[in-house]
Amino acid sequence: MQRYPFAYEPKQSFVQQVSDWVADVFYEILPESGFEVRDEQIYMAFQLERAYADKQTIFAEAGVGTGKTLVYLLYAICYARYTRKPAIIACADESLIEQLVKPEGDVAKLARHLGLTIDARLGKSPDQYLCLNKLEASRIQEDDSDLFQDIYAELPGFVNLPEALQSFYPYGDRRQYAHLNDEQWSKVSWDSFQDCLVCDKRHRCGQTLSRDHYRKSADLIICSHDFYMEHVWTYEARKREGQLPLLPEHSSVVFDEGHLLEAAAQKALTYKLKHDVFESIMTRLLQGEIREKLAVLIEEVIEQSDLLFLLLERHSRSVPGSNRKEIHHHEELLHAVLRFKAILASIEEELVFESGLHTLDEYQLRIVEEHIEMIQLALGIFMQSSQVVSWVLEEADGIMLVIMPRKVKELLSERVFSQRMPIVFSSATLAVHGSFDYIADNLGILSYLSFSVASPYDYANQMQVVVPHQASADHDFAGKMDAALRLLRATEGSALLLFPSREEMLRFRQAAAIHPAYAGMRMEYEGDREISHLISSFQNDVQSILCAYTLWEGLDVPGPALMNVIIWSLPFPPNDPVFSAMRQDAEHPFEQVDLPYMLLRLRQGMGRLIRSKDDSGIVAILDSRVHTHDTIRSKVKEVLPADVVWKQSIEELDPIVT
């Protein structure tokens, strides 16, 4: 493989030579293959040159259609080959990863039109892989045991054979099980409570084999924000345990849809506690020859853990639009936490004495000690309610306590943005009122470069926006169902329905299932199948309708398959513990938390419609607050593309050619 796609001159600036070659690509090479010359794309290319030359962080806000992905890929690949370290492309979620590497995606386009051999490998999050232990249990215990038995029977031969692993191939990726819905997948996929270090199947596990594969990439490792943040937070701990970090040393990082990074950082830094996992780990000690005093303490702490989680369930309440249950810090609950911590402290003292007797397996002992240390730290933070956000999640096998720090900026500043490395934030929505200070401050970025370029599309002639008066808020659900029906008929399907929450999508689904006028419409719902297969099916069936609650960002479906984006309700954040904490920290919660979140998501949602210069269609907002709330109305008007004026009834829309 030729190292560089241009003749490299060692005595000249490497980044300058890359910039010159990139200019040739966009001015000459790609236009010869039918690509149009885009001034916005070329402007972005010259801006990225600064970030790579000075090894700085840059906020690259580029509108839909600028071709920003091609720009950052060219720089990332060349710089990876120069430093002999791969670049990391971190996407907001797994569906965006798939779109980047699909056969007609941007990586394939560059390889084909520039004659490049690009080594791009996926570093997927662990929860995107099959867990062999959970599969073993589910094929015996679960209602869908026949389904899981079929999956087990189709595992590669090397998984269950006792002999040495001579050859293998990747397996166990979520995409291979597209027929499973999200609930079924959760029964057999990896989760954070799996103890991989002591798993006897770990060397034949699809996740492990995949990790060995992507580490060897020469050019690009493509992963999610969540996975990159997991790498950052576990880096030191994995080194202490003698494990390799999740990602190898890398030359640069691109955060695609970078406005979502803070949420991923908070998610990665959370502590998650479950009673059954704690009980399983503690009972390992009872399998050894231990003193009676320690055995009694272990039984006592397991009972106290059971009580603690019963109290968490008692003192938590559901929140509309969120699966996070709000915890009431009742005196009874806090007393149970203190009692639990006290027993754990006694066990820690006894383990010090026990380790000197050498009656316990040292490896198992270390796992127990580290787990107790983590719980003590997490519950200590939990007691400082002003410093953390905590909530309860209900799962099939019991409840989970989740504890998350309110702010992560200090850790991000120290572990990510203090490094001398090009870091690119790419999105169509990074600035707030023209400034990048809001996102920079939240992420702990002290120094940065930035630029903004508008979309090249003619929105005034390509996009119609309607906010019908008759589609009111939740008190007139039937009116919204009727408005959505008329809009779907206007484009004969070819529509994306975006909901602020899964709860609202399911309510619509139930109503559509019994509504005679919706009969015969080809409706697809997020969660029914693996997401990339769902998107592909939607794209290939031009009269289908995709209903989703997470696809506000990143969905890229140009052409007649998507001519109608229906926003069921304005995407305000829920009143769950995370956003409640953010509101408590704000002087003006609605203006500082709710409005910015909603407007950013709304801009992203509207951006799903026009994906090429030949696209046209409708964006409809079915929320009466646009008409009744002065501030909301003025702010929504501000985020509409230039020269686009909304219409107030469906009858005012110009006919759509389908």
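Note on region 125-216: dipole from Cβ charges, positive end direction compared against 209, 161, 192; the farthest Cα belongs to 209. Here the dipole of region 182-222 is about 260 debye; that uses its Cα centre as origin and unit charges on the Cβ of Lys and Arg (positive) and Asp and Glu (negative).
For the chain, what does -39500 (n - 2.57) per DSSP helix run (n ≥ 4), summed and divided by total residues, give at 222 nm, in deg cm²/dmol to the nearest 500?
Using -39500 (n - 2.57) per qualifying helix, the result is -13500 deg cm²/dmol.
Put the Cα centre of region 233-277 next to the Cα centre of region 309-387 and the gap is 22 Å. Neighbours of residue 639, meaning other residues whose beta-carbon lies under 12 angstrom from its beta-carbon, give a summed charge of +4 when Lys and Arg score +1 and Asp and Glu score -1. Place a point 7 Å from Cα of residue 109 in the direction of its Cβ. Which residues in region 13-38 have their backbone N less than 17 Å from it? Within reach of a label on residue 109: 22-38. The smallest convex shape that holds all Cα atoms of region 112-162, its convex hull, gives 161 Å³ per residue. If you take every DSSP beta bridge whose two residues both sit in the chain, what share of them, in percent to the nearest 5, is antiparallel? Percentage antiparallel, nearest 5: 30.
For region 177-220, backbone nitrogen atoms closer than 19 Å to the point 7 Å from residue 146 Cα along Cα-to-C-beta are found at 179-181, 184-185. In this structure, the amide hydrogen of residue 449, modeled 1.01 Å from its nitrogen in the peptide plane, lies closer than 5 angstrom to those of 57, 58, 59, counting only residues at least 5 positions away or on a different chain. Under 5 Å between amide hydrogens, built in the peptide plane, is the criterion, and for residue 566 it picks out 496, 497, 498, 620 among residues at least 5 positions away or on other chains.
Only Cα pairs under 8 Å and at least 6 apart count here; give the relative contact order of region 489-596 as a rounded whole percent.
Relative contact order for region 489-596 comes out at 38 percent.
Annotation: peptides 502-508, 11-17, ranked by per-residue average of other Cβ atoms within 10 Å with the highest first, follow the order 502-508, 11-17.
Listed options for volume of the Cα convex hull per residue in Å³ are [x] 350; [y] 179; [z] 161. The value calculated from this structure is the one marked [y]. Ranking of 259, 588 by neighbouring Cβ atoms within 10 Å, starting from the fewest: 588, 259. Note that region 110-118 has calculated 3J(HN,Hα) couplings of 4, 4, 6, 7, 9, x, 9, 9, 9 Hz, one per residue in order, obtained from phi through the Karplus relation 6.51 cos²θ - 1.76 cosθ + 1.60 (θ = phi - 60°); glycine and proline are x.
What's the exposure ranking of 353, 425, going from fewest to most Cβ atoms within 10 Å?
Sorted ascending by nearby Cβ count, the order is 353, 425.
Whole-Hz Karplus values for region 230-243 come out as 4, 4, 4, 6, 9, 3, 5, 5, 5, 5, 4, 7, x, 9 Hz, taken residue by residue from phi with 6.51 cos²θ - 1.76 cosθ + 1.60 and θ = phi - 60°; glycine and proline positions read x.
Set the Förster distance to 51 Å, then compute FRET efficiency between residue 235 and residue 543 from the Cβ-Cβ distance, nearest 0.05.
E between residue 235 and residue 543, to the nearest 0.05, is 0.60.
As a length-normalised measure over Cα pairs under 8 Å and 6 or more apart, the relative contact order of region 271-405 settles at 35 percent. Across the chain, the mean sequence separation of Cα contacts (distance under 8 Å, 6 or more residues apart), normalised by length, yields a relative contact order of 18 percent. Ignoring aspartates and glutamates fewer than eight residues from residue 55 along the same chain, the ones with Cα atoms less than 20 angstrom from its Cα are 20, 219, 249, 256, 414, 437, 441. Distance between the C-alpha centres of region 592-658 and region 153-230: 41 Å, rounded to the whole angstrom. P(r) tail for region 271-405: Cα pairs beyond 27 Å make up 23% of the total.
Do any trypsin sites (Lys or Arg not before Pro) in region 202-265 lie in a loop, going by DSSP, with at most 13 other beta-carbon atoms within 10 Å of their beta carbon, and if so which?
Sparse-neighbourhood loop trypsin sites (Lys or Arg not before Pro): 216.
Couplings for region 639-649, taken from phi via the Karplus curve 6.51 cos²θ - 1.76 cosθ + 1.60 with θ = phi - 60°, read 8, 5, x, 4, 6, 8, 10, 6, 9, 9, 8 Hz in order; Gly and Pro are left as x. Taking every lysine pair in region 212-299 that is 8 or more places apart or spans two chains, those with Cα atoms closer than 29 Å amount to 7.
None of the figures in this text is laboratory data; all of them are computed from the coordinates on show. A quick note: this is a predicted structure, and the numbers were derived from the prediction, not measured. When we count neighbours, we look across all protein chains shown, and the Cβ atoms used for this are built from the backbone with ideal geometry, even at glycine.
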